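The values are calculated or read from the model by the stated rules, or taken from the named source; none is laboratory data. The structure displayed is predicted, hence computed values, not measured ones. Neighbour counts run over all protein chains shown; Cβ positions are idealised from the backbone, glycine included. The protein model used for the area step is the full one, side chains on, heavy atoms only, and it has no ligands, DNA or RNA in it. Shrake-Rupley method; radii C 1.70, N 1.55, O 1.52, S 1.80 Å.
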Protein chains: 2
Amino acid sequence: MDFATHLTSNNIKPSLQRIKIFEYLYENRDHPTVETIYSDLVGAIPTLSKTTVYNTLKIFIDNGITHTVTIEDNEVRYDAIMEEHAHFKCNDCGNVFDVEIDVSGLNFKEIKSFKVEKTNIYLKGKCNKCLNKIN
Amino acid sequence: MDFATHLTSNNIKPSLQRIKIFEYLYENRDHPTVETIYSDLVGAIPTLSKTTVYNTLKIFIDNGITHTVTIEDNEVRYDAIMEEHAHFKCNDCGNVFDVEIDVSGLNFKEIKSFKVEKTNIYLKGKCNKCLNKIN
DNA sequence: TATAAAATTGTAATGATTACAAATTTAGAT
DNA sequence: ATCTAAATTTGTAATCATTACAATTTTATA
């Protein structure tokens, strides 16, 4: 994956900040928050500003190469994987995992007259690691 | 539905504010925000404070008679219907509708070792009314 | 009725996000 | 290579939802 090219082909000029932020999102599949992205990247880009992270993510979203993952009321997470998938959040460790999903089995009643454009699914529970942890 | 009894049997002392807020939630199935609840009730309870709405909803949630509906990043909605169901948000009018759903058809891979405690589903698209609207 | 506990309220604090203007960088023309 | 305009980045201040907290009011009980 050539990140600069990916940005360019989605009408986003590939500045250093944009490349690094997208690369970070694409490599770190843990659905980071703005805070995490900023603090993990400010070492490599010392001039980085949190406003830039916000601006950049907004551009990514507007151009369809990133989406938000909304599970908790109080944290917005970001995800650069655009293929349809669900999320699993562990109530113990708080990590969010990707989950492959087959939506075709879903059976909705009463929305025949509605036009569904997007189906969002997230699960909550305990992850493998936390289940096996000794408390 | 006797709201006071419902509160009592869930270990919540049925004050006027609590009864009215729960009643509002139960009757208004449009998943209101704190702002909406407050402004719709302050007429009937002139002394009502927004803090009370927050406090009360927290109590409802802690005692399992209300849950939050998280669809957008920037708005938290509340719902007193605890039976499993999904939500549909219209991208046009912004209304959130309840949707009956059969989760049993869902087919997850790779989470065999995870313990799923709750499955959340929401759809986005256009509702009946907005589809038929002349723009 | 007096007293203690619980509930409600208002105000101030917090924290994430956005607005905005200044500074920096980039791209194109000369 | 240099100049200029446009785009991008940055820092600070403003906004807005939510929470903390202390004071007031209400409720329950002795």
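Of note:
- Net charge contributed by nearby residues that have their C-beta within less than 15 Å of A:ASN28 (K/R +1, D/E -1): -4
- Taking every alpha-carbon pair under 8 Å whose residues sit at least 6 apart, chain A reaches a relative contact order of 20 percent.
- Taking a straight line from the alpha carbon of B:LYS126, these aspartates and glutamates sit under 20 Å away, with near neighbours fewer than eight places off in the same chain left out: A:ASP62, A:GLU84, A:GLU110, A:GLU117, B:ASP30, B:GLU72, B:ASP73, B:GLU75, B:ASP92, B:ASP98, B:GLU100.
- Take A:THR68, move 7 Å from Cα toward the beta carbon, and the resulting point lies 1.3 nm from the same point in each other copy, nearest first.
- Burial of accessible area (probe 1.4 Å, heavy atoms of protein chains only) in segment B:55-74, relative to its chain alone, reaches at least 40 Å² for B:THR70, B:ASP73.
- By accessible area with a 1.4 Å probe, ligands and nucleic acids excluded, highest first: order of B:VAL96, A:VAL116: A:VAL116, B:VAL96
- Of the GluC sites (Glu not before Pro) found in segment A:100-135, those in coil by DSSP whose Cβ has at most 13 other Cβ atoms within 10 Å are A:GLU100, A:GLU110.
- Take every pair of alpha-carbon atoms less than 8 Å apart whose residues are at least six positions apart; their mean separation over the length of segment A:86-131 yields a relative contact order of 56 percent.
- Across the identical copies, how the A:THR33 labels are spaced - nm, sorted shortest first, 7 Å along Cα→Cβ: 2.0
- When only the Cβ of Lys, Arg, Asp and Glu is charged (+1, +1, -1, -1), the dipole of chain B relative to its Cα centre reaches about 180 debye.
- Chain B versus the axis that turns it onto chain A: the residue with the nearest Cβ and the distance in whole Å amount to B:GLY105, 2.
- Label positions at A:MET1 and A:GLU83, each projected 7 Å from the Cα along the C-beta direction, are separated by 1.1 nm.
- Stokes-Einstein D (µm²/s) once Rh is taken as the Kirkwood radius of segment A:1-107 over alpha-carbon pairs, at 25 °C in 0.890 mPa s: 167
- Nearest-20 debye value, the protein assembly as shown charge dipole, Cβ charges on Lys, Arg, Asp, Glu: 200
- Label points for A:GLY94 are taken 7 Å from Cα along Cα→Cβ. From this copy to the others they lie 3.1 nm apart, shortest first.
- Relative compactness, segment B:51-123, computed as alpha-carbon Rg over 2.2 N^0.38 Å: 1.29
- Counted by Cβ distance under 14 Å from B:GLU75, the other residues give a net charge of -4, where Lys and Arg count +1 and Asp and Glu count -1.
- Max mean-square fluctuation residue, GNM over chain B, Cα-Cα springs under 10 Å, options B:ILE19, B:ILE59, B:ILE101: B:ILE101
- Electrostatic dipole magnitude of segment A:86-131 [Cβ: Lys, Arg +1; Asp, Glu -1; Cα centre; debye, to 20]: 160
- Partner chain coverage, peptide A:80-91 - average Cβ within 10 angstrom: 2
- Here each label is just a point 7 Å from Cα along the line to Cβ, and for A:ASP92 and B:SER39 those points are 4.4 nm apart.
- Near A:THR52: Cβ cut-off under 11 Å, other residues only, Lys/Arg at +1 and Asp/Glu at -1. The net charge is +4.
- Along the axis of the charge dipole computed for segment A:5-135 (Cβ charges of +1 for Lys and Arg, -1 for Asp and Glu, origin at the Cα centre), the listed residues A:TYR54, A:THR33, A:PRO14 are led at the positive end by A:TYR54.
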